[in-house]
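Student: Got a structure for you, questions after.
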Amino acid sequence: MTGEKKKRVIKTIRIDVDKCNGCRACEVICSAFHAEPKYSSNNPARARIRVIREPYKDQYVPVYAGDYAPAECAGRDKYTIDGKEYEECAFCRAACPSRDWFKEPDTGLPMRCDMCEGEDEPWCVKWCLDDVLVYEEREEWVEEDKEEIKLEQLDVGLESLADRYGLDKLKDAMARLTAKD
Ligand code: SF4
Ligand code: SF4
């Protein structure tokens, strides 16, 4: 189903990897922004950005959390850049079963960068003093069906809960909720 064309602001963060010194300030402020209550604590394990850090090889690469992947992919990528070899899956943005990245540590639910919704500029960009992260906005005309997007988001949430707790438990919980209504 397609909707009307609408103007939408596309938000991007340009990453200049060569400037990153691995300070992890971006991880700290991201986790603080998403803490409950906001700014009450910080724990880089809860950040939606992770810095691949290998100080002995002088490697620091920030990676943003993207979409949830319910299954491991069959093929893996291995990168060598400027003679430095990076781990398999190093630049993958997905929360997926093959690793603990981009999963909320207590619940295991996937986390996704939301560009610090509601803020004028992402916090990780503001806190990166070396200008590794540069925020950019542009406008695009896109076909958008809001209802479809909301349902997609709902599917992703339910899928991750089913992976985490099993389909039967999820069905039981849904049945209990329905009974309450
Ligand atoms: S705050 Fe900037 S320099 Fe520090 S780790 Fe993050 S991207 Fe790299
Ligand atoms: S844009 Fe906001 S949510 Fe995304 S990684 Fe940066 S601080 Fe975290």
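Each value in this text was obtained by applying a stated rule to the coordinates, not by laboratory testing. From a predicted model like this one, the values you see are computed outputs, not experimental measurements. Here Cβ is always computed from backbone atoms with ideal geometry, including for glycine, and neighbour counts include all displayed protein chains.
Student: Grab the DSSP H runs of the chain that are 4 residues or longer, score each as -39,500 (n - 2.57), total them, divide by all residues and round the 222 nm result to the nearest 500 deg cm²/dmol.
Tutor: Values: 4 runs with 48 residues, N = 181.
Taking each H run of at least 4 residues, the total per residue is -8000 deg cm²/dmol.
Student: Please say if region 1-40 is rounded, prolate or oblate, where rounded means a/c under 1.5 for a ≥ b ≥ c the square roots of the C-alpha gyration tensor eigenvalues, and otherwise the choice is prolate for a/b larger than b/c and oblate otherwise? Working shown, then result.
Tutor: Working: a/c = 4.59, a/b = 1.53, b/c = 3.00.
It comes out oblate by the Cα gyration axes.
Student: Let me confirm the definition first: pairs of Lys residues in region 89-181, 8 or more apart or on different chains, C-alpha distance under 21 Å. How many are there? It would help to have the intermediate numbers written out before the result.
Tutor: Values: Lys103/Lys169; Lys150/Lys171; Lys169/Lys180; Lys171/Lys180.
Step by step, the pairs that qualify in region 89-181 add up to 4.
Student: What number in nm² do you get for region 15-159 if you take the convex hull of its Cα atoms and divide its surface by four? The partial results should precede the final answer.
Tutor: Values: hull surface 42.5 nm².
Its average projected convex-hull area is 10.6 nm².
Student: Can you tell me the orientation of helix 146-165 relative to the chain, as the angle in degrees between its alpha-carbon axis and the longest Cα principal axis, to the nearest 10?
Tutor: The helix 146-165 is inclined about 90 degrees to the chain.
Student: Here's a follow-up. Relative contact order (percent) for region 80-155, with alpha-carbon contacts under 8 angstrom and 6 or more residues of separation? Please report the intermediate quantities before stating the final value.
Tutor: Working: 26 pairs, mean separation 8.5, N = 76.
Answer for region 80-155 is 11 percent.
Student: Another question, then. When the chain is fully extended, how far beyond the present Cα-Cα distance does Ala25 get from Lys7, taking 0.36 nm per residue of separation? Write out the running numbers ahead of the final one.
Tutor: On the way: separation 18, 0.36 × 18 = 6.48 nm, distance 3.35 nm.
Contour length minus Cα-Cα distance gives 3.1 nm.
Student: Compute the long axis of helix 167-180 from its Cα atoms, compare it with the longest principal axis of the Cα atoms of the chain, and write down the angle in degrees, 0 to 90, nearest 10.
Tutor: With both axes taken from Cα atoms, the answer is about 60 degrees.
Student: Taking 0.36 nm per residue of separation and subtracting the Cα-Cα distance, what length does fully extending Glu87 through Asp131 add?
Tutor: Numbers: separation 44, 0.36 × 44 = 15.84 nm, distance 2.53 nm.
Working it through step by step, the gained length comes to 13.3 nm.
Student: Given a cut-off of under 8 Å on Cα pairs at least six residues apart, what relative contact order in percent is computed for the chain?
Tutor: Once normalised by length, the contact order is 30 percent.
Student: Residues with amide H under 5 Å of Ala94's amide H, sequence separation 5 or more or different chain, H placed in the peptide plane at 1.01 Å from N; which?
Tutor: Under 5 Å from the amide H of Ala94: Gly66.
Student: Could you give the nm distance between label points at Glu140 and Leu177, where each point is 7 Å from its Cα heading toward the beta carbon?
Tutor: Each label point lies 7 Å from its Cα, and together they span 3.1 nm.
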